[in-house]
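To start, the structure itself, in structure tokens.
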Amino acid sequence: MNKSNNIKNTAIGAVVSGLLMFGCTVNNTNKRESLSDVLSQVHACNESIKIRSQQLTKLQITEACDTLVSIESRFHEIFNTKDKPVADDFNDVMRANVYHTRDEYVRYATDHFNMPTDNGGMYLEGYPDKKGNHAEFVAYERQGKIWNLRHEFVHYLDGRFNKYGDYCNGLHDDHAGPEFCASPNLAYPHVVWWAEGVGEYIAHGDNNQAAIKLAQQQVYQLSELFNTSSNTNTGSNRVYRWGYLAVRFMMEQQRAEVEAMLDTLRQGDWSGYQKLVTGWGTRFDNDFSIWLVELSK
């Protein structure tokens, strides 16, 4: 889930670069526990990735760093970014903030990050045009892993290298917190199919069995998926699994069109994006249907 945070890190303690500290959190009901008290383990994977956690083990942190560095390399290779961010983007560091359990996440994350916790984790882009802004991924441990780590990290990369501006600057219909966008764009097509689909595509590669299984059902035409959004034309399967299928098809079968689309997104040319995608019309629907059949065999 890709969101921006309009509360500018007021509850966030300083990161100690490169330092890994293991300690326990003292539960004092008479004291409001700060973020730095709760997420007291701080580790830098590299210059652009930091992890703050509650109880991750050294092995879990090492594995998480390896995963993130690998995804970062894969993203830059796929999109040939040459490590050059879009204009006016100073989000040169992403911090992954990891609570030990979902209960701890629900208990603390709203206070620490001014965000809802009825979800599986959130990416908070903040204001990338402000120097000193920090991009934050907020999540929890589940089944011994950092839940949704791969997907949410791709939001950071996509926002920094593929999309101009912050979350509210983009095309969606979301007024919800933490950013409460004043006037999200109600006209279709939006960019939700791409944002969430590319998160799944980079995170899973060719191995997204849940999406591939859905491909057999032929529920959507590709042209419909371009109109996916946050509050209408939505739903987990449509947003994430069908978003993955739409992005994978376009990347594999219509890469030149994707590059033309990215040119508009990197400039924040939303009218240009809408004109381009609207111009695609139903041109790719039949090929998409055939591709789905082949994919699901």
Using DSSP to call loops (not H, G, I, E or B), can you name the trypsin sites (Lys or Arg not before Pro) in the range 244-284 whose Cβ has at most 16 other Cβ atoms within 10 angstrom?
R283
Choice from A87, A195, A109 with maximal GNM fluctuation in the chain (Cα, 10 Å cutoff):
A87
Of the DSSP beta bridges with both residues in the chain, give the percent that are antiparallel, rounding to the nearest 5.
40 percent
Using helices alone, what [θ] at 222 nm do you get for the chain, with -39,500 (n - 2.57) per DSSP H run of 4 or more residues, divided over all residues and rounded to the nearest 500?
-12500 deg cm²/dmol
With respect to the cross-link table entries K163/K275; K82/K130; K58/K131, which display a Cα-Cα separation exceeding 20 Å?
K82/K130; K58/K131
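The numbers here are math on the coordinates, done by the rules we state, and not lab data. As the structure is a prediction and not an experimental result, all values here were calculated from the model. Positions of Cβ are backbone-derived with ideal geometry, glycine not excepted, and every protein chain shown enters the neighbour counts.
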